There are 2 protein chains.
Amino acid sequence: MLTVNAYAATSATEPLAPTTIQRRDIGPRDVLIEIAYAGICHSDIHTVRGDWGPVQYPLTVGHEIVGTVTEVGAEVTSHQVGDRVGVGCMVNSCRECANCRAGEEQYCLGGNTLTYGSVDRDGTITQGGYSTHVVVVEDFVLKVPEAIPFQAAAPLLCAGITTYSPLAHWNAGPGKKVAVVGLGGLGHMAVKIAHAMGAEVTVLSQSLKKQEDGLRLGADHYYATSDAATFEQLANTFDLIINTVSAELDLDAYLSLLALDGTMVNVGAPAQALPLHVFALFGNRRSFAGSSIGSIRETQEMLDFCAEHDIAPEIELISADQINDAYERVLASDVRYRFVIDTATLA
Amino acid sequence: MLTVNAYAATSATEPLAPTTIQRRDIGPRDVLIEIAYAGICHSDIHTVRGDWGPVQYPLTVGHEIVGTVTEVGAEVTSHQVGDRVGVGCMVNSCRECANCRAGEEQYCLGGNTLTYGSVDRDGTITQGGYSTHVVVVEDFVLKVPEAIPFQAAAPLLCAGITTYSPLAHWNAGPGKKVAVVGLGGLGHMAVKIAHAMGAEVTVLSQSLKKQEDGLRLGADHYYATSDAATFEQLANTFDLIINTVSAELDLDAYLSLLALDGTMVNVGAPAQALPLHVFALFGNRRSFAGSSIGSIRETQEMLDFCAEHDIAPEIELISADQINDAYERVLASDVRYRFVIDTATLA
């Protein structure tokens, strides 16, 4: 067992605090990673505050991890000491169910092992990336291309893949009109990726406050959803809407913006049930869908795509002692567009 | 103008009663049809009772119409006197919008002209098939193959196409698991068509009351949704669920039955908003969609498919003076599976 420095939540209400956690001994197929940077995802905050269900405290969160391989197990073939690697939202899956066999282990029916807060095979609770080191089985470790600035690479492992996956699955590309709802951590990546895929990109944001940013990031159009005229003007327009917003919104109104056979995909996860009129789906044969991160294969594809297209998240680098302030700023939507922890400050 | 016999609603609460209505003079591209049979659709009842919005009374409903061509306009090329023909839910569309140009005029953005209750080009309100004759522009008249028994053909024009369209669009066929929710007018057609397409078909009905029928119609499996074990047993199973039920149901529970990339399609139209947890869509990348009738091209395809596969609705033939009783029985789910009016009884 390795004892390593970390930042952990001890309850739903206390600030996160420095601590030490245990990492398992390096098994034959494991990789030991010295973490360099860890992104702060809104999910981290939802989790530690108990918004999504009971939590076994203390818990170290963080599932946007990049670092360097410092040791590998005897049977590891895909990574070497010194490699730049990444770890995202999951660190294992059952490998036996239909979805795992289809290479879509993010939808593992046995329940995949999440990077934090999951019961691991040895019965311990997985601990995330706000830490100096992590041990992960090689198949769930990604290669981070040199072309991507290291500290900016971390948020690709969640915000990047969570938006890339539905954009790729629903065929965003030339000739397609894609709307991105919300210009936060996920939204700003959706804009960059959809633009790089060749789609015509529209941001739908509450106000025009970030309009200049949105256009700079690659959006072709920018509309305020607080203006009712937006919904009239854009009725029946989009082939694909990526909704990154976790807050409750008027589904019927957003669905009315979809063109024939258009799909609105939620990657934001409101905890409460949203009311939906089926009539809103009849026109244009519309669909409302959900998408959850992406497979390991697709995550590697996304990293390579970002390297090829010079895409990286816009980040604000912080030290570990700024995590609690960063949480408050995320909740106040006061971050452009992702906080990344320099985990050297945990050493 | 032609004055023809019909049965009409005069208010949301009065019984339907015999009357006469006007049909327009036969224009150069119009077809005059002597109606032989008209199906009773649940939509007719929703409409005349004002469930779906205000109605301009008196109104003759009915959008499952078959009959014989008795006169054609000078420029008509696709139909001849004596042809067996059908008319479904729409009798015209704008022909100019993106959806009409794409051959999907059921989603006409200009608003298509429904068979009853729509404002027609001449400003009159369209009147439906509970009548002896109707005048329709040739492009919205279907050919009814000789292989389909005439009186049973009528319900294909709504119940048939409404279920065929989503089954075809979402690729029901060999290797696909399809569930049909509700075994009524639409549901029994969905079972027959999905079975003929080669899918493995499961009926999800409130009780096992119609199980024998369901299996006879082509279902491979039959489950009662009143039994909570059904939802555990069938979790993550279906590629496609066709929901024919207009009543409010627990969307989250039904969505949990979808396998990877599965879609639940509503063809039933509950008037009230249904609560939906987005989390129910995340697992298996599920979709919830709507589908509305089908295009004219697809309706002809469906009629030809039914002729080829010996598919016809199960009907109960009634005379016009039984319409009001039939409405009560439809509302009590006491029909196997579609009432068809012998319109000769209106003469």
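Bear in mind these aren't lab numbers, they're just calculated from the coordinates by the rules spelled out. Bear in mind that the values here come from a model prediction, so they are computed numbers and not experimental data. Heads up, the Cβs are rebuilt from the backbone with ideal geometry, glycines too, and the neighbour counts pull from every protein chain shown.
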Exercise for the section: Calculate how many DSSP beta bridges within chain B are antiparallel, expressed in % of all such bridges and rounded to the nearest 5. Expected result: 55 percent
Problem - Peptide ranges A:60-67, A:290-297 listed from the most packed, as the mean C-beta count within 10 angstrom indicates - result: A:60-67, A:290-297
Exercise for the section: Given the peptides A:129-136, A:338-345, A:46-53, arrange them by the average over their residues of other C-beta atoms within 10 Å, most packed first. Expected result: A:129-136, A:338-345, A:46-53
Practice task
Quick one: angle between helix B:296-308 and the longest Cα principal axis of chain B, in degrees between 0 and 90, rounded to 10, please.
Solution key: 70 degrees
Completion exercise
Across the alpha-carbon set of the protein assembly as shown, Rg over Rh with Rh taken as the Kirkwood radius works out to 1.06
Fill in the blank from the handout: Whole-percent tail of the Cα-Cα distance distribution for chain B, cut at 25 Å, equals 51 percent
Handout entry: Long-range amide H partners of B:A289 with built H, under 5 Å
Key = A:F288, B:M264, B:V265, B:N266
Problem - Between helix A:185-197 and chain A: long-axis angle, C-alpha atoms, 0 to 90°, nearest 10 - result: 70 degrees
Exercise for the section: Mind jotting down the distance between the C-alpha centroids of the range A:17-31 and the range A:131-156, whole Å? Expected result: 16 Å
Practice task
For the range B:38-46, take each phi angle, set θ = phi - 60°, evaluate the Karplus expression 6.51 cos²θ - 1.76 cosθ + 1.60, and give the result in whole Hz per residue in order, putting x for glycine and proline.
Solution key: 9, x, 9, 9, 4, 4, 4, 5, 3
Problem - Neighbouring partner chain Cβ atoms per residue of A:264-276, average, 10 Å criterion - result: 4
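Stokes-Einstein D for the range A:1-107 at 37 °C, 0.692 mPa s, Kirkwood Rh over Cα pairs, in µm²/s?
Rounded, D is 209 µm²/s.
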Handout entry: Farthest positive-ward along chain A dipole, Cα basis, beta-carbon charges - from A:T10, A:N243, A:Q127
Key = A:N243
Fill in the blank from the handout: Taking the dipole of the range B:240-347 about the Cα centre (Lys, Arg +1; Asp, Glu -1; charges at Cβ), the one of B:V340, B:F282, B:L303 that reaches farthest to the positive side is B:F282
Fill in the blank from the handout: In degrees rounded to 10, the 0-90 angle between helix B:159-169 Cα long axis and the longest Cα principal axis of chain B is 50 degrees
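Dipole of the protein assembly as shown, Cα-centred, from +1 at each Lys and Arg C-beta and -1 at each Asp and Glu C-beta, to the nearest 20 debye?
20 debye
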Practice task
Mind listing the long-range amide H neighbours of B:L240? Cut-off is under 5 Å, sequence gap 5 or more, other chains count too, H placed in the peptide plane at 1.01 Å from N.
Solution key: B:K177, B:A179, B:T263
Fill in the blank from the handout: Per principal axis, largest first, the Cα atoms of the range B:160-290 extend in Å by 36, 30, 29
Exercise for the section: May I ask you to derive the relative contact order of the range B:237-335, considering only C-alpha pairs under 8 Å and at least 6 residues apart, and to give it as an integer percent? Expected result: 23 percent
Problem - ³J(HN,Hα), Karplus 6.51/-1.76/1.60, whole Hz, each residue of the range A:209-218, x for Gly, Pro - result: 3, 9, 4, 4, 4, x, 5, 5, 6, x
Practice task
For B:L257, list long-range residues whose amide hydrogen, built 1.01 Å from N in the peptide plane, is under 5 Å from its own amide hydrogen.
Solution key: B:N236
